[in-house]
1. Counting only residues that are within 22 Å of the chain's Cα centre (by Cα) and small (Gly, Ala, Ser), which one in region 293-314 is farthest from residue 150 (Cα to Cα)?
2. In region 319-339, how many residues are acidic (Asp, Glu) and part of a loop (DSSP other than H, G, I, E, B)?
3. Quick check: anything in region 328-351 more than 16 Å from the chain's Cα centre (by Cα), more than 23 Å from residue 117 (Cβ to Cβ) and surrounded by 20 or more Cβ atoms within 10 Å (Cβ to Cβ)?
4. Pick from region 77-94 the residues that are buried (at least 17 other Cβ atoms within 10 Å of the Cβ) and among the hydrophobic types (A, V, I, L, M, F, W, C): which of them is nearest to residue 117 (Cα to Cα)?
5. Name the residues in region 27-36 that are surrounded by fewer than 17 Cβ atoms within 10 Å (Cβ to Cβ) and in a helix (DSSP H, G or I), would you?
6. Please go through region 250-259 and give me each residue that is surrounded by fewer than 20 Cβ atoms within 10 Å (Cβ to Cβ) and either at pLDDT below 95 or in contact with an Asp or Glu (Cβ under 9 Å, 6 or more places away or on another chain) (or both), ordered by number.
7. Which of the residues belonging to region 95-137 are under 23 Å from the mean Cα position of the chain (by Cα), outside any helix (DSSP H, G or I) and of a type outside the set (D, E, K, R)?
8. So in region 261-294, with the set limited to residues that are surrounded by fewer than 22 Cβ atoms within 10 Å (Cβ to Cβ) and among the aliphatic types (A, V, I, L, M), which one is modelled with the lowest pLDDT?
Amino acid sequence: MGTRYEVTHYRRAHKEQVLRLLTPLWGGNAALNRSFFEWKYERNPYIRDPAICLALHRGEVVGTFGLVGARWRLGTAGPTQDLPFTDDLVVASAHRRRGLASSLIQAVGAYSAELGYPYLLCLRANAITTQISRSAGYRNIGALGPVDLKRDLRDPLSTVRQRLGGTRFLWRFAHSPQLLMPSDRWPFRILDRPAVGHGPRRASRVSIGRTPLPDAMAELVERLPRDDRIQHVRDREYFEWVFSNPRMEYRFVYWTRERLEGYLVLHQILPPRAGAQTWVSDWEGTSDDTRQELLQAAVSGRFARLMSWTATVAGSAEAMLSEHGFEETEHEARAQGQPASLIRPTRDEELHHEWALDGRQLMDMNNWKFRPLDQD
């Protein structure tokens, strides 16, 4: 990297420049981007102060790469370990192909070592991110195994959007909410209908909620059968924080008797856009029957595209997804190991040693339980 660039740590004085730099990645809603940044980096329960590396050119922020705090439990009864995610790698277009991305990746690794983290994680890595990261010492634990359930919906407004998108002065209107299908503008409209949310399901003890139940969800997690895999800590603090994400719209499918026996969380990214995907973010239950009813209720929402990961779900859950019509997607990416789960030790001297925590081999996907909720 040339001497014209300086790699440094984020300070609050950089906030406005960083927000402008992140606009192409996050979208043009400035107020939403600000709220998302503050949620993600300023209110994270595991990294209290933003841990971000920046590339500066003559005092201007031209590159950014951040750490998002995450706490993991090493088995149901095991200790916890903070392993942050890396995210939001952006280099301004005028400064690309100059080694800044690699420099930021290396800087974040060194910064993480200073902060005492032994490893870094990255989920949902695409081919480009994987290629850059692998050259910096990351390894691919494995593909996350995306599956989807599609409905064949005709979109009569797609032609209008395409024409506007290629027209001078009018291109900005191509993304107007008024040109979205109802399934894109109001993805949970069917699930929210009283006849659907509170009709036959009442007898089956399934309900639909717009707000989380962090105490009940955390208590349920503690009652689940023993699982020796490494998985994100899901306690009250985590649930309260993660479900306050301003870029996500959530619905919560609950199975309740005297107490909560299962939940399934759905999310979609805001603001609404054409062809948006709805995700099964998290899905737990005290029995297969409970999980089956939860999935049945979620599928009844008739989403245009309902997505999940299968790489680390239990065999019974994968079978349920298949029974409901979920199929493997992104075949080419799957063949290349994407979307990938990446990991790297923060200290270069550990690159050629065994990567393990509490006796668990970190390069074995069978030792992990990843969910889409883990890195929104």
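1. Of everything passing the filter in region 293-314, 314 is farthest from residue 150 (Cα to Cα).
2. Restricting attention to region 319-339, the residues satisfying the condition of being acidic (Asp, Glu) are 323, 327-328, 330, 332.
Adding the requirement that they be part of a loop (DSSP other than H, G, I, E, B) leaves 330.
Total meeting the criteria: 1.
3. No, that holds for no residue.
4. 83
5. As a first pass, look at region 27-36 and keep what is surrounded by fewer than 17 Cβ atoms within 10 Å (Cβ to Cβ): 28-32, 34-35.
Of everything in region 27-36, those that are surrounded by fewer than 17 Cβ atoms within 10 Å (Cβ to Cβ) and in a helix (DSSP H, G or I) turn out to be 30, 31, 32, 34, 35.
6. Matches in region 250-259: 257, 258, 259.
7. Of everything in region 95-137, those that are under 23 Å from the mean Cα position of the chain (by Cα), outside any helix (DSSP H, G or I) and of a type outside the set (D, E, K, R) turn out to be 117, 118, 119, 120, 121, 122, 123, 125, 126, 136, 137.
8. 274
The values are calculated or read from the model by the stated rules, or taken from the named source; none is laboratory data. From a predicted model like this one, the values you see are computed outputs, not experimental measurements. Note that we place each Cβ from the backbone using ideal geometry, even for glycine, and neighbour counts take in every protein chain shown.
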